[in-house]
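This report refers to the structure that appears directly beneath it.
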Amino acid sequence: MKVLVTGASGFIGSHACLELLNAGHEVVGFDNFSNSSPESIERVKTLSGKPMRLVKLDLRDPDGLDALIGEGFDAVMHFAGLKAVGESVEKPSLYHDNNVLGTHHLLAAMERTPCRKLVFSSSCTVYGAVEKNPVDERHPRSAVNPYGKTKLDVEDMCYELAAEDKRWKIALLRYFNPVGAHESGRIGEDPQGVPNNLMPYVMQTAVGRREFVNVWGGDYPTHDGTGVRDYIHVVDLALGHVAALDKLDSFKGAQAVNLGTGRGYSVLELIAAAAKAAGKSIPHKIMPRRPGDAPAVWADASLAKKKLGWTATRDLDQMCADAWRWQTGNPAGYGAADVRA
Ligand code: WQD
């Protein structure tokens, strides 16, 4: 298939482009490079040995979207979006404008072409405050922060569109916690500034860029008192997207599918696995809980297996080994200077 990938040079987008190329698809990507570097796609082309076009374009440019999508594509894989929960709390209108209005422009541009196949990067965040695990796709949705609200709003746009026009086939892929890097160590997660998420912060601590890991909460009702999450290797996640694309013809309208491993790991378990990968202890301190964090969230991943024929295969040790290889091989990411907050 000829696939348009939005947010192509980002963490998940770049890994998805690599697996799409490896699977024989023709890929054109765009990105506004607000939180990524075109260098990631240069490396994707080297790793795959395949050509790929990358265009600088912003979701908030309807004319630019019309021109590019008007070239004709079989499907769109949509990753472009702002994704920092904390930032979304400070700048909710920026998040709505970029993530929701931007996606509206993308869908409108698609509607002016025959293309009605979409794979959307949704998130387990749409489940809000999770009371019972594992979480399946029937769990009620609610927004607990503006970022999560944008994901929920885009899902609703997709449901409405597919209800009006039966030609639409949309996979709403709800990620749990993507971590790790391609085994080559050439592409990976390149957070700007101080990482909010656990794995990049742990890895930066392991290489000495951070003094210690703040363990946000040691008194949760979990086996060791620290927060539990369903970490999923980014390559497993990328392969889940390729599987969804291949199965889109079987979708009826817009349908949500969890992409997780079905297994939860605690903060302390991840730190221990990272220490094993790095061959050194990683300093950490138990601190007060981070507001808004759920004690435990992990996926019921059975629908993905049934509908996509996909399951995650990489365990926490491999996630940490691959993250460590990326971190040590690219201490400043794709060359962006680390600006300490
Ligand atoms: C994981 C665990 C923290 C940092 C994020 C996004 C969400 C979705 C999934 C995309 C929690 C603890 C963290 C640190 C810590 N992504 N932690 N010290 O909050 O589960 O969700 O990924 O859609 O939108 O927000 O991920 O990595 O921030 O936290 O103790 O320095 O690690 O309390 O238990 P989270 P996270």
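The values are calculated or read from the model by the stated rules, or taken from the named source; none is laboratory data. Every value quoted in this text rests on a predicted model; they were computed, and no experiment measured them. Positions of Cβ are generated from backbone atoms using ideal geometry, with glycine treated the same way; all protein chains shown enter the neighbour counts.
For the reader, a short list of remarks on this structure follows.
This table checks each residue for (1) within 13 Å of the ligand (Cβ to nearest atom); (2) closer than 12 Å to Val154 by Cα.
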| site | (1), (2) |
| --- | --- |
| Leu107 | no, yes |
| Glu111 | no, no |
| Ser123 | yes, yes |
| Ala129 | yes, no |
| Ser142 | no, no |
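- Of everything in region 156-205 that is assigned to a helix (DSSP H, G or I) and within 13 Å of the ligand (Cβ to nearest atom), the residue that is farthest from Trp326 (Cα to Cα) is Leu198.
- Region 253-273 - residue that is within 12 Å of the ligand (Cβ to nearest atom) and of a type in the set (A, V, I, L, M, F, W, C) and, of those, nearest to Phe120 (Cα to Cα): Leu259
- Subset of region 130-154 [farther than 21 Å from His78 by Cα and not in a loop (DSSP other than H, G, I, E, B)]: Val135
- Test for Ser121: is it part of a strand (DSSP E or B) and not β-branched (Val, Ile, Thr): yes
- Whichever residue in region 131-140 is farther than 10 Å from Ala294 by Cβ and surrounded by fewer than 17 Cβ atoms within 10 Å (Cβ to Cβ) and, among such residues, is farthest from the ligand (Cβ to nearest atom): Arg138
- If the condition is being within 15 Å of the ligand (Cβ to nearest atom) and either within 17 Å of Ala304 (Cβ to Cβ) or at pLDDT below 95 (or both), then region 210-235 contributes Asp230, Tyr231, Ile232, His233, Val234.
- Among residues of region 103-133, those that are in contact with a helix residue (DSSP H, G or I) (Cβ under 8 Å, 6 or more places away or on another chain), of a type in the set (S, T, N, Q) and farther than 19 Å from Gln255 by Cβ, counted: 1
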